[in-house]
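K.L.:
Dropping the structure in here first, questions after.
What follows is calculated from the coordinates using simple rules that are stated; it is not laboratory data. All figures in this text were calculated on a predicted structure; none of them were measured in a lab. We place every Cβ from the backbone using ideal geometry, glycine too, and count neighbours over all the protein chains shown.
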Amino acid sequence: MSIHPSAVIAPGAVVPASCTVGPFCTIGPEVVLGDGCKLISHVVLEGRTRIGARNTIYPFASIGVPPQDLKYGGEPTETTVGDDNTIRESVTISRGTAGGGGVTRLGSNCLLMTCAHIGHDSQVGDHCILANAATLAGHVIIEDYVTLGAFCPVHQHCIVGKYAFIGGGTIVTQDVLPFSLTSSGGKTRRSGSTRSGWCGGGSRRSGSRRCKGRFAYCWRRR
């Protein structure tokens, strides 16, 4: 185990020997880290927070902090993070609330860029990218393989479907269809479907054309 002398680890925290904890990190008493995690420096982990294996967390990230919700009264809620995530500088992930299910979740193999925010009770799937300053309000669901561009706010209770790609600066105020491309205009506007969803995973181009046609049909009949 590599722990910098300036790091503060509360009694009761679980930090495996394979983890690296850099300068000025703070780990609360109910935090559980998985094997091989690396906390670069100045990382804050609070509350009932469970973090999986091989996550790399960069300076000034705060995970499991109290939710930005005036109704929160200190209830024992949770934050869970999967495996193999990269969480960059100044990312914030709020713990859940009693009225919203009690758990904020981040899946595995995600990239959270600088200043991204995951609000209380939000659920983020696997293989997602939240670019710089992408922000999720409370109770948001982000399904697998979603890319959320820089400076994108997502309104509370919205659902973003799998493989959706949302351009930078888009204000998301309603649900986003799976496999869709969303423009960077002043409001949510579908502009097409993603190639990665249709063509990924070994599917053939002809299947891609059929699926895209069905997508367009569904959109016209919405």
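K.L.:
Going through segment 15-87, which trypsin sites (Lys or Arg not before Pro) have at most 13 other Cβ atoms within 10 Å and a DSSP loop state?
P.N.:
Lys71
K.L.:
In terms of modelled amide H atoms, which long-range or inter-chain residues lie less than 5 Å from the amide H of Gly107?
P.N.:
Residues meeting the amide H criterion: Gly82, Val124, Gly125.
K.L.:
Please work out the C-alpha center-to-center distance from segment 77-112 to segment 126-149 and express it in whole Å.
P.N.:
11
K.L.:
Quick check on the exposure proxy: order Thr92, Thr20, Thr49 from fewest to most C-beta atoms within 10 angstrom.
P.N.:
Thr20, Thr92, Thr49
K.L.:
Counting Lys +1, Arg +1, Asp -1, Glu -1, what net charge surrounds Pro76 among other residues with beta carbon under 10 Å of its beta carbon?
P.N.:
Neighbourhood net charge equals -1.
K.L.:
Quick one: dipole size for segment 2-142, taken about the Cα centre, charges +1 on Lys/Arg Cβ and -1 on Asp/Glu Cβ, in debye to the nearest 20.
P.N.:
100
K.L.:
Neighbouring Cβ atoms within 10 Å as the yardstick, rank Met113, Met1 fewest first.
P.N.:
Ascending number of Cβ neighbours within 10 Å: Met1, Met113.
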